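Below is one structure, written out as structure tokens, with a few remarks after it.
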Amino acid sequence: MTMLEQTSRTFYIPISRLVPGLKEAVTSGYLCMRAIDEIEDHEQLPDSLKSSLLSEIRDALRTEQPLEAISKVLEPHQSDLPAVTLQLNDWLVLCPPTALPIVQRYTAKMSEQMADWVHTGWDIRTEEDLDRYTYSVAGMVGEMLSELWQWYDGTASDMNKAVAFGRGLQAVNIMRNRDEDLKRGVDFFPDGWNLKDMLQYTKRNLKLADDYIAELKDGPAMSFCKIPLALAHATTKLLSVGGNKLTRAAVLKIVGSLS
């Protein structure tokens, strides 16, 4: 939970409120994906090494002894990678055994697609390219969560809307982090798009995310999803008037209103 709090203000609060069992599964899934995301976003590693590491982690996760295989992949890079990545095995061990296949499958799939994006230099020209990218790094998080809801208590959900849930949150991050991304030579805006276009894309996906939550039965899944979605809506409003990041007080107020 300490690592989770250090790596995500958005997800720490809803995950910390989950019931035992589901809490460990979602924490495991989030931190596994954060571990590989830190490779994709690493500012010092050459792209060739990023792509290689991500592909090797994908292969390791698909072996019969993933923990041993992952240790071999990460061992030579102890001084280069952040703690959340080096502790990937810890996050896998944290997961309840019956949920582990879900987390492993989606982490491997994300590793594979992230490796492809690194290899192509995050070349996003069209809205279709943007859809593919936001699926790779966030839409499949929505899918993983939906499978975990089903695993825990049989909660059913719409997978297409689950993807939109992830996409909407990622689109908010793209707008918030655009200046930093441009400085490192990456532009996630399709050709000819401005902030207004990205806001429309974001709002369209957040509307589907609203529908996703509205269709969930009362329970831990709904309670979880409400918080990041409410924060995403509030941040989108802030971005539309020239702001960038919600204050801690604003975050606490939004979370408090949902309790």
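The values are calculated or read from the model by the stated rules, or taken from the named source; none is laboratory data. Bear in mind that the values here come from a model prediction, so they are computed numbers and not experimental data. FYI the Cβ positions are ideal-geometry reconstructions off the backbone, even for glycines, and counts take in every protein chain you see. SASA here: full protein model, heavy atoms, side chains in, ligands and nucleic acids out. Shrake-Rupley method; radii C 1.70, N 1.55, O 1.52, S 1.80 Å.
What's the carbon and sulfur percent of the stretch 122-188's accessible surface, probe 1.4 angstrom, rounded to a whole number?
41 percent
Taking 28 Å as the straight-line reach from the Cα of Lys253, the lysines in range (excluding those fewer than 8 positions away in the same chain) are Lys23, Lys161, Lys196, Lys203, Lys207, Lys217, Lys226, Lys237, Lys245. So, for the stretch 1-77, what is the accessible surface per residue at a probe of 1.4 Å, expressed in square angstrom? The answer is 47 Å² per residue.
Can you list which of the DSSP-assigned H helices in the chain have a Cα extent of 30 Å or more along the long axis and an average Kyte-Doolittle score of at least -1.0?
Membrane-span-like by this criterion, though nothing is claimed about a membrane: 220-240.
Remark: spin-label model distance Lys245-Ser257 equals 2.2 nm, labels positioned 7 Å along the Cα→Cβ axis. Rolling a 1.4 Å probe over the protein chains gives Arg125 an accessible area of about 130 Å². Seen from Ser16, the other residues with C-beta closer than 13 Å to its C-beta sum to a net charge of +1, counting Lys and Arg as +1 and Asp and Glu as -1.
Comparing Leu45, Ala69, Ala234 along the charge dipole axis of the chain, the residue lying farthest to the positive side is Ala234, per the Cβ-charge model.
For the stretch 148-258, the extents of the C-alpha atoms along the principal axes are 44, 32, 22 Å, listed from largest to smallest.
Let me know the charge dipole size of the stretch 11-141 about its Cα centre in debye, to the nearest 20, where only the beta-carbon of Lys, Arg (+1) and Asp, Glu (-1) is charged. Provide the component values of the computation, followed by the final result.
Details: 11 positive and 21 negative charges, 116 e Å.
The dipole of the stretch 11-141 has a size of about 560 debye.
Please check the chain for the longest run free of GluC sites (Glu not before Pro) that are loop-located per DSSP (anything but H, G, I, E, B) and have at most 16 other Cβ atoms within 10 Å. That gives 65-214 as the longest site-free run.
The aspartates and glutamates within cross-link reach of Lys109, meaning a Cα-to-Cα straight distance under 13 Å and a gap of 8 or more places when in the same chain, are Asp37, Glu56, Asp59, Glu143.
Per the Debye formula with a single identical scatterer at each Cα and no solvent contribution, what log10 I(q)/I(0) holds for the stretch 1-59 at q = 0.21 Å⁻¹? Log10 of I(q)/I(0), two decimals: -0.81.
Shape analysis of the chain places it in the oblate category; the axes a ≥ b ≥ c from the Cα gyration tensor give an a/c of at least 1.5, with a/b not above b/c. Short to long, the 10 Å bins of the Cα pair-distance histogram for the stretch 155-216 hold 22, 44, 23, 10, 1 percent of all pairs.
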